[in-house]
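The values are calculated or read from the model by the stated rules, or taken from the named source; none is laboratory data. What you are looking at is a predicted structure, and each value in this text was computed from that prediction instead of being measured. No Cβ is skipped: glycine too gets one built from the backbone with ideal geometry, and neighbour counts run over all protein chains shown. All accessible areas refer to the heavy atoms of the entire protein, side chains included, with ligands and DNA or RNA removed. Shrake-Rupley method; radii C 1.70, N 1.55, O 1.52, S 1.80 Å.
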Amino acid sequence: MLGSRYRGRRKGVAVREGSVEQARREARLTLAQVAAGQLTRTAIHLIEKGRTKPSMETLEQIARQTRKPIEYFLIPDSPAFAERQTQLSELERLTAVRELQKVVDMGLALLKQQWSAADAALIHFSIGQALCRLVRPAEALQHLKLARGEFERLGDEPMAVEALDWESSSLGLLDDPEALPLASEALERCRKLEPKAPLVEARILGHIAGMYVIAHSWVLAVRYYEAAAATASGVKDLQLLAKMHHGLGVAYQRMQQPSTARQHFDKALALYSIESDLSAVYRVEIDLGDLLLQQGQLDSAEQHLLKALAGSNEWNLDRRGVGYILTNLGEVHMRRGEHAKARDYLEQALEVTETVRERIVLANAHILLGQLDERTGRPRMSDEHFESAIRILEELEMPERLRDAHMDYAELLDARHDIAAGSGHWKRAAEIGKLASLGLRWADGQAERKASAGPSGAA
């Protein structure tokens, strides 16, 4: 038994006088029930009367049986109490320096110990936040919902708002239509906090802006990013300010304002460099490469994309981003007429995107391979790639991309002198565009009313 086996081997922990007996009586347990076959009743009795000090392992057993946190028994400022506070501080430090996997590993290990409700909620929150940043949203939600529920029960509104924000971000990564309403609720509750929490408000505004980017609501995205940037600038948070300029660059790029987009990307790069956030630097390099590719600056685009690819390998960035880089590099070489290199990059992109199920990038890689196969005299393979891309985009219900895929295929078929087939795809592209403007979607040749799942009700 623990009471005899470890006596004299484990250092005793000083406990608050009377706390063990009080916890047992409040839980309405007998000495034997607290011992639970792991300790002797005598050992529990001696600990209650202060005649012996329990080891930390024994105290954890008592805490489990009485359903009390370890802190309930410890004397403030005792070595054991200080050790637990040191553990929480280390978890906070790992979060600050973005050692995300270490946060998850340490947090899960800490949860095996007994903690106060408030500390357990903080640990769950740290794990959930890290998992969201690691793009593991389903796992993140499990911890964030637990954390938010506990914060709300304890009346800790500032932390409840933060948990709600990260919960909405996790839902956004899952393309859940509840993401934006939840983020809007977080923003509303944040603005009611006293004292004010401008950093949290800026981050929520940025998350909402990102959701509008995904929904292709560029004007709203710019509005929220600018509000977030103004808030972040007021509190001199360079890291958050960099993120907002990065988001503005993406939004302006999609609005076909490349010069403005480039200005924001350059600001983001400078700010991220000041903060030594190299993983973020490489993500901006990806977007700069994409911007320059759209402008036809192939050499400059390739430089940025290769730098991003090297950085993604060095920093183990999300493989979804790797597929995007490889697809763009394939397009760079295809535009140059370097077909072998283009094929190599695009086939790598297919492999990566199929693995991580980044289906939008997968569809784009299929379209580019379809164009490449047509140029290199493989029309049957070209047709198969376009059919795959169209099927993916139909399943994803992305009318703009689906329309463009039909148009690209129609142009290819016209050049092949297959006028009838080309005409069919031109017709489908026109119909899809018209239906999208009416709030309908194209599905297997039929018009269907599209469920309202886009951004709405934002403050």
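How high is the relative contact order of the chain, given as a whole-number percent (alpha carbon pairs under 8 Å, six or more residues apart)? Could you put the intermediate results ahead of the total?
On the way: 618 pairs, mean separation 31.5, N = 459.
Reported relative contact order: 7 percent.
Starting from the 7 Å offset along Cα-to-Cβ, what nm value, one decimal, do you get for the label separation of Leu154 and Lys341?
5.6
Please go through the range 87-175 and write out the trypsin sites (Lys or Arg not before Pro) that DSSP classes as loop and that have at most 16 other C-beta atoms within 10 Å.
When the trypsin sites (Lys or Arg not before Pro) of the range 87-175 are filtered for loop state and at most 16 Cβ neighbours within 10 Å, Arg98, Lys112 remain.
Using a probe of 1.4 angstrom, how much of the accessible area of the chain is carbon and sulfur, in percent?
Of the solvent-accessible surface of the chain, carbon and sulfur hold 50 percent.
Taking the Cα atoms of the chain, what is the range of coordinates along each of the three principal axes, in descending order and whole Å?
Taking max minus min along each principal axis of the Cα atoms, the chain gives 96, 45, 45 Å.
Quick one: 3J(HN,Hα) in Hz for the range 389-394, Karplus 6.51/-1.76/1.60 with θ = phi - 60°, rounded, Gly and Pro as x.
Couplings: 4, 5, 5, 4, 5, 5 Hz.
Sequence neighbours fewer than 8 away in the same chain don't count; with that in mind, list the lysines whose C-alpha is under 22 Å from Lys341.
Correct list for Lys341: Lys307.
Please list the non-local residues whose amide H lies under 5 Å from the amide H of Leu74, H modeled 1.01 Å from N, same-chain partners needing a gap of 5 or more.
For Leu74, the qualifying residues are Arg16.
Full-extension gain between Asp176 and Gln142, please, as 0.36 nm times their residue separation minus the C-alpha to C-alpha distance.
10.7 nm
Want the number for Gln33 to Arg93: 0.36 nm per residue separation, take away the alpha-carbon distance, what's left?
This chain segment gains 17.7 nm when fully extended.
Helix 399-415 sits at what angle to the longest principal axis of the chain, using alpha carbons and giving 0 to 90 degrees rounded to 10?
Roughly 30 degrees between the two axes.
Cα atoms only: what Rg and Dmax, in Å, come out for the range 59-174?
14.4, 45
Rule-of-thumb check for the range 104-245: C-alpha Rg over 2.2 N^0.38 Å?
Compared with the compact-globule rule of thumb, the range 104-245 sits at 1.04.
Okay, helix-only estimate at 222 nm for the chain: each DSSP H run of n ≥ 4 adds -39500 (n - 2.57), divide by all residues, round to 500 deg cm²/dmol; what do you get?
My calculation for the chain gives -24000 deg cm²/dmol from helical runs alone.
Mind checking the dipole of the range 221-266: about its Cα centre, +1 per Lys or Arg Cβ, -1 per Asp or Glu Cβ, Debye to the nearest 20?
Working: 5 positive and 3 negative charges, 17 e Å.
So the magnitude is around 80 debye.
Expected output is a single nm value to one decimal: the length gained when fully extending between Leu108 and Glu395, i.e. 0.36 nm times separation in residues minus the C-alpha distance. What is it? Numbers along the way, then the final one.
Working: separation 287, 0.36 × 287 = 103.32 nm, distance 3.68 nm.
Extra length available between Leu108 and Glu395 comes to 99.6 nm.
Output the 0 to 90 degree angle, nearest 10, between the alpha-carbon long axis of helix 359-375 and the longest principal axis computed from the alpha carbons of the chain.
Orientation of helix 359-375: about 30 degrees from the principal axis.
Please compute the per residue accessible area over the range 180-244 with all protein chains in place, 1.4 Å probe, rounded to a whole number of Å².
Heavy-atom accessible area per residue stands at 43 Å².
So what's the angle, to the nearest 10 degrees on a 0 to 90 scale, between helix 157-173 and the longest Cα principal axis of the chain?
40
Using only the Cα atoms of the range 109-173, what are the Rg and Dmax in Å?
10.9, 32
Run the reach check for Lys427 against lysines, Cα to Cα strictly under 29 Å, same-chain hits fewer than 8 apart removed. What comes back?
Result set, ordered by chain and number: Lys450.
Report, as a whole number in µm² per second, the diffusion coefficient that Stokes-Einstein gives for the range 204-309 at 20 °C and 1.002 mPa s using the Kirkwood radius over alpha carbon pairs.
Value of D from the Cα-based Kirkwood radius: 158 µm²/s.
Any of Lys68/Lys196; Lys102/Lys236; Lys236/Lys267; Lys112/Lys196 with alpha carbons more than 25 Å apart? Name them for me.
Beyond 25 Å: Lys68/Lys196; Lys102/Lys236; Lys112/Lys196.
Nearest 0.05, what FRET efficiency do Asp299 and Glu188 give at R0 = 41 Å with Cβ-Cβ as r?
0.30
Along the range 14-19, what does the Karplus equation 6.51 cos²θ - 1.76 cosθ + 1.60 (θ = phi - 60°) give for ³J(HN,Hα), rounded to whole Hz, x for Gly and Pro?
Karplus-based 3J(HN,Hα) across the range 14-19 equals 6, 10, 5, 4, x, 5 Hz.
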